[in-house]
Amino acid sequence: MQWSRRHFSKGASALLLWGKASARAQAPRATVLVVGDSLSAEYGLTRGTGWVALLEKKLADERLAVRVINASVSGDTTAGGRSRLAPLLAQHEPSVLVVELGANDALRGLPLAMTERNLADMARAGVAAGAKVLLVGMQIPPNYGKRYGEDFAALYERVAKGAGAALVPFLLKGVADRSDAAALFQADRIHPTAAAQPVMLGNVWPTLRPLLTK
């Protein structure tokens with residue numbers, strides 16, 4: 001069989017169209033941007049064992065074409081996250097923004113009103129950028145006082161409700177509130193071990209998963 005220029009042209013065009021279709025099929029349909037602190041930045045852990053890395057693996061296992069950007073910084077506060085957010089939104093154009101911040105505000109005794117304002121601003125910025133927002137809440141040890149702890153936990157609920165964001169009430173549920181909690185924390189008694197990371201992902205996943213298909 002002899003190939004004419006016409007046949008070659010048609011064949012090349014078909015291959016090009018197939019390549020474009022294949023690329024579209026493999027391209028991520030959504031982007032999840034995680035802006036958090038050391039709890040999401042794999043502090044003290046082997047790379048690839050933190051809950052955000054486990055999220056990437058779970059998405060791949062479930063054949064969900066979702067890209068995950070982990071923009072978490074150890075030691076970050078809500079003020080730090082707020083200052084970093086605008087360029088991150090512009091660069092990555094996320095479908096879902098996950099905000100996991102506030103623990104360092106509490107550890108430093110920063111005013112709760114400021115923490116709430118910063119989180120609210122981040123949530124509103126995410127919505128304005130076209131992203132669905134998932135707020136990941138924290139709770140603090142009882143030695144900070146019952147009233148302070150209750151007020152701290154409640155601010156996440158108010159921010160989520162005000163911004164129309166989804167909420168995970170407590171990232172460390174099933175980790176920090178266990179009777180044998182010390183076994184799931186590193187020597188500093190602040191950062192969870194690798195063994196705790198699947199539990200943390202398990203707290204986030206049921207709320208995050210629906211946001212990827214809406």
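What follows draws every value from the coordinates through simple rules; no lab data is involved. Quick caveat, the model's predicted, so the values are computed rather than measured. For neighbour counting, all protein chains shown are included, and Cβ atoms are generated from backbone atoms with ideal geometry for every residue, glycine included.
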- Message: Restricted to Cα positions, what overall size does the chain have along the principal axes? Three whole-Å values, descending.
- Response: 85, 37, 25
- Item | Net charge over other residues, Cβ less than 15 angstrom from the Cβ of R63 (K, R count +1; D, E count -1) | +2
- Counting only DSSP loop positions in segment 39-104, the trypsin sites (Lys or Arg not before Pro) whose Cβ has at most 15 other Cβ atoms within 10 Å are R47, R63
- Lysine pairs within segment 37-186, Cα separation less than 21 Å, 8 or more sequence positions apart or different chains: 5
- Just name one of L89, M138, L184: the one whose Cα is farthest towards the positive end of the charge dipole of segment 28-211 (beta-carbon charges, Lys/Arg +1, Asp/Glu -1). L89
- How large is ³J(HN,Hα), in whole Hz, for each residue of segment 184-192 in order, when computed from phi with the Karplus curve 6.51 cos²θ - 1.76 cosθ + 1.60 and θ = phi - 60°, using x for Gly and Pro? 9, 10, 5, 4, 6, 6, 10, 9, x
- Task: Positive end of the charge dipole of the chain (Lys, Arg +1 and Asp, Glu -1 on Cβ, about the Cα centre): tell me which of V35, A103, P169 has its Cα farthest that way.
- Result: V35
- Amide H contacts under 5 Å for G36, restricted to residues at least 5 apart in sequence or on another chain and with H modeled in the peptide plane, are A71, S72, V73, E100
